[in-house]
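Data block below; observations after.
Any read-out appearing in this document is the output of simple, stated calculations on the displayed coordinates, not a laboratory observation. No experiment lies behind these values; they were computed from the predicted model shown. So basically every Cβ, Gly included, is an ideal-geometry build from the backbone, and we count neighbours across all protein chains shown.
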Amino acid sequence: MENLLKNKRLEKKMTLEQVGELVGVGKSTVRKWENGMIENMGRDKIVALSKALNISPLDILGLTDDESVEPIIEKTIQKMKQLEESRQKIVLDTANSQLKEQEKETAKVISLENKKIQQTIDLAELVDDSKIDWDKWVSFEGKPLTDEAKEEMKRVLGKRLENKDK
């Protein structure tokens with residue numbers, strides 16, 4: 001909370017005295033809040049301070065999950081607040097464009113994953129002589145396999161397929 005209060009005050013270019021006047025306390029009290037020396041604040045002071053610094057009372061109480069807000073998002077928001085409205089619109093349009101592009105890419109990945117899942121290999125087809133060009137596709141160290149080696153491969157693969165069915 002301490003850094004939040006001081007950062008917000010400095011961001012708004014306010015002095016300790018100015019914040020104190022808006023909240024109804026002295027500058028030393030505001031300084032103590034900023035430094036974490038006073039943790040108990042009345043509800044009326046929390047509301048007044050949140051209005052003075054334009055922040056949520058929950059932020060003052062430390063009840064928001066600051067860790068869930070990533071630093072880059074926070075930096076982007078801070079920079080956007082400094083831009084004129086027309087430039088803010090450009091940033092928003094760019095963000096929307098990037099989001100659409102990301103969604104398209106995600107859809108493509110999901111589509112590819114679904115296709116991969118749908119593709120199944122029938123091992124029985126692998127040992128079907130009519131579908132395999134044994135002379136071109138099957139070799140060892142770049143040399144064609146002998147007829148005996150090919151028959152042995154078919155025999156072994158065939159047995160594995162028979163065992164899978166059981």
Quiz prompt | Full-stretch length increase - residue 91, residue 21 - with 0.36 nm per residue and alpha-carbon distance subtracted | solution = 21.6 nm
Exercise. Would you kindly derive the ³J(HN,Hα) couplings of the range 35-40 from the backbone phi angles with the Karplus curve 6.51 cos²θ - 1.76 cosθ + 1.60 (θ = phi - 60°), listing them in order in whole Hz, with x for Gly and Pro?
Key: 8, x, 7, 10, 9, 8
Exercise. Return the sequence-ordered ³J(HN,Hα) values of the range 93-108 in whole Hz as given by the Karplus equation 6.51 cos²θ - 1.76 cosθ + 1.60 applied to θ = phi - 60°, using x for Gly and Pro.
Key: 4, 5, 4, 5, 4, 5, 5, 4, 4, 5, 5, 5, 5, 5, 4, 5
Quiz item: Sorted from fewest to most neighbouring beta carbons within 10 Å, what does the list 155, 31 look like?
Solution: 155, 31
Quiz item: Non-local amide H neighbours of residue 145 (under 5 Å, H modeled in plane, Pro and chain starts lacking H): which ones?
Solution: 140
Self-check item: Whole-Hz ³J(HN,Hα) from phi, Karplus 6.51 cos²θ - 1.76 cosθ + 1.60, for the range 55-62, glycine and proline x
Solution: 10, 6, x, 5, 5, 5, 7, x
Self-check item: Cβ-defined net charge surrounding residue 18, 14 Å radius [Lys, Arg +1; Asp, Glu -1]
Solution: +4
